[in-house]
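The values are calculated or read from the model by the stated rules, or taken from the named source; none is laboratory data. These numbers were taken from a predicted model, which means no experiment stands behind them. Note that each Cβ is placed from the backbone with ideal geometry, even for glycine, and that neighbours are counted across all protein chains shown.
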Amino acid sequence: MGSLYSETRTWLHGISAGRKLLALALLGSALFLLNSPLWLAVCAVACAALWLSLGSATAKARRLLLSVVIAALLVAVFHIAMGNYQLAAVSTLRLLCASTLGVALTVTTRPSDLVDVLERLLSPLAHLGMHPERIALQLALMLRFTEHFFTQWQQLADAYRLRTGKAGGMRLIAPLAIHMLQASRRVADALWARLGA
């Protein structure tokens, strides 16, 4: 499956997956505790600096972040139309900051490292008779399929634009859905063969 992870080394690659997940959890929580547009704007500048510091490693994820920017602007327009200017600024800045932090984590962290961290975090559940490795695998698959969705969408959009010279738009939904279902089936078959053996 396609991945947004970049092999191009950056300073963030050198930080362990556990520390990055902890930082994401703390910073993400802080974003929702802040209600001041000024402080959120400062956070947005810091997130932009983080993004720029990763350089060419962000190449695969640039279109994904652009779609987040467009979604954030639509949220802002909605709130402005309702007359909630402060809520427009706060919601937009929170969305942009949280998305930038999440994509930075995805770009600089191997999926296998994330699974290892999740298994360690969930290991106490084994005392309750649960299987932490299965829960970690399910969470990892959810993250990977989210990644794969965006990379496949980008590939389909590029192919359509090369063939027709136009943006694919809604026409890509059907082939994208078919591809995702096929990918899900392949992964399910592989897991069944591996775990059933």
Criterion first (closer than 20 Å to Leu21 by Cα, surrounded by 10 or more Cβ atoms within 10 Å (Cβ to Cβ) and modelled with pLDDT of 80 or more) does Leu95 satisfy it?
yes
So which pairs qualify, if the first residue must be in the stretch 155-168 and within 18 Å of Lys60 (Cβ to Cβ), the second must be assigned to a helix (DSSP H, G or I) and of a type outside the set (D, E, K, R), the Cβ gap must be under 9 Å, and the two must be at least 6 apart or on different chains?
Leu156/Leu172; Leu156/Pro175; Leu156/Leu176; Leu156/His179; Ala157/Gly169; Ala157/Leu172
